[in-house]
Structures are given as C-alpha cells and as structure tokens.
Amino acid sequence: MREVECGLVGGPGSEGVVRPQYDPERHTLAEREQTKAEELTALGFGRVSRTTVQRMRLAYRKQGLWGLLDHRTTRTSSPTGRSDERVVAAVREALRRRRGRSRGTINGLFPLINQILEDRHGPGTVPAPSQATLYRRSSPPWPGPVNCPPGR
C-alpha cells in the first residue's frame, strides 16, 4: 500500500528505488492502484480489482496493518447473534411467564412476544421477529428449551 501511495516499498523517506510502474511523477494514483491490483492477481490472490486496492489503501491509511485484516475472524460473536436486544428481552420475558407451565409451541409464544414488545415499546416501534426467525432461534442461545411442533 505504501508503494502505491508514494512509489517506495518502505513508504515516504525510505531507501530504495522507485519501480517505474509506481512512480508518482509518471502515473496517477488510479494507475498505480490498477498496477497493484494486476500484481496481486498475478501473485495468486484471486481476481483483485483496482477498487479493492483502493479500499485496502484507504483502510491501511486509517488503521495501519489492522485495516488490511479480514475482520470476519476478529469479530466477537454474541450468543443471540444480531438479534435486537429488545426482542431478546421480550422472548426471555415470555419464557419466564410460561415457567412452571407447559411452554407450548413457538406459535403459542408468538402473540405473547408481540404483546410484550408493544407494551414495553409501543405499537410498531420494535419489529417483531418472523415465525421463521423464532423457529431458527428455538434452541440456545434463547434461554431454555422451547418445544417445536413435530417435523420442525
């Protein structure tokens, strides 16, 4: 990324010779980005576009080497995924209210979850999860087991 920006592999003020294809006096930044994209593709990084190199260069400028990492592996995961915490709280409350009795099915919990969301946040403020989402979330990380209908 340093070579794309200033022409020198080590960055501004470093020693070395500017490779002709990265010489800022002869090539625009877009041309140098395109050259780097072609070089990375030839090295086996898959098909790299100029836009990808530009995105990488800007991330490197902003965050250094950290910006060049694939952050899918650095994200921390939540036991409830990306679910709205208000929905998670409503599901927990619905399950708490059912404690000690038959928990029924997810279809039975759905109206209760909707009612809790409306009571706490107002009608239509928090979108209720779809039944498909509740089925996907019918085992942990939601607290406690929820009986699903047969075949689900």
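The values are calculated or read from the model by the stated rules, or taken from the named source; none is laboratory data. A quick note: this is a predicted structure, and the numbers were derived from the prediction, not measured. Positions of Cβ are generated from backbone atoms using ideal geometry, with glycine treated the same way; all protein chains shown enter the neighbour counts. Ligands, DNA and RNA are excluded from the accessible area calculation, which covers all protein heavy atoms including side chains. Shrake-Rupley method; radii C 1.70, N 1.55, O 1.52, S 1.80 Å.
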Of the conditions (1) at pLDDT 90 or above; (2) surrounded by fewer than 17 Cβ atoms within 10 Å (Cβ to Cβ); (3) not in a helix (DSSP H, G or I), the single one that GLU38 does not satisfy is (3)
**Message:** Taking the criterion of being assigned to a loop (DSSP other than H, G, I, E, B), at pLDDT below 75 and open to solvent by 40 Å² or more (accessible area, probe 1.4 Å), would at least one residue in the stretch 112-130 satisfy it?
**Reply:** no
Exactly one of GLY81, GLY67, GLY108 is free of Cβ contacts under 8 Å to residues at least 24 places away in the same chain, under 30 Å from GLN131 (Cα atoms) and open to solvent by less than 40 Å² (accessible area, probe 1.4 Å), and that one is GLY108
Determine whether GLU15 is more than 20 Å from the chain's Cα centre (by Cα), modelled with pLDDT under 95 and not in a helix (DSSP H, G or I). yes
In the set GLY108, GLY100, the lone residue that is in a loop (DSSP other than H, G, I, E, B), farther than 30 Å from GLU5 by Cβ and not acidic (Asp, Glu) is GLY100
